[in-house]
Amino acid sequence: MEDQHVYKTVELTGSSPKSTDEAIRVAVERASKTLRNIKWVQVLEQRGHVENGKVAHWQVTMKVGFTLEA
């Protein structure tokens, strides 16, 4: 049946000095270079590194799901 899928998940952590959204985008775009058929992302944790009283860097840990090939 074509509408049935099996997904595999991997955990990634993306980082960015700009935003959590960019950290997610960076991680997914990089993973797409070696993982095919990425279909979804689930954010597990967000955190920021603080320097001199300001957030200097964002990190986002996420699960990425992709379909297995036949």
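For Lys8, the test of being surrounded by 12 or more Cβ atoms within 10 Å (Cβ to Cβ), touching a Leu at 6+ places or on another chain (Cβ under 7 Å), in a strand (DSSP E or B) and basic (Lys, Arg) is failed. Residues of segment 22-43 that are of a type in the set (A, V, I, L, M, F, W, C) and open to solvent by 80 Å² or more (accessible area, probe 1.4 Å): Trp40 alone. Within segment 40-70, the set of residues being closer than 27 Å to Asp3 by Cα and either modelled with pLDDT under 95 or of a type in the set (Asp, Glu) (or both) comprises Thr67, Leu68, Glu69, Ala70. Filtering segment 43-58 for residues that are in a strand (DSSP E or B) and either in contact (Cβ under 8 Å) with a residue 40 or more places away in the chain or of a type in the set (Ser, Thr, Tyr) (or both) leaves a non-empty set.
The values are calculated or read from the model by the stated rules, or taken from the named source; none is laboratory data. Quick caveat, the model's predicted, so the values are computed rather than measured. Using ideal geometry, Cβ is built from the backbone for each residue, glycine included, and neighbour counts are taken over all protein chains shown. For the accessible areas, the whole protein counts, side chains as well, though only heavy atoms, and no ligand, DNA or RNA atoms are used. Shrake-Rupley method; radii C 1.70, N 1.55, O 1.52, S 1.80 Å.
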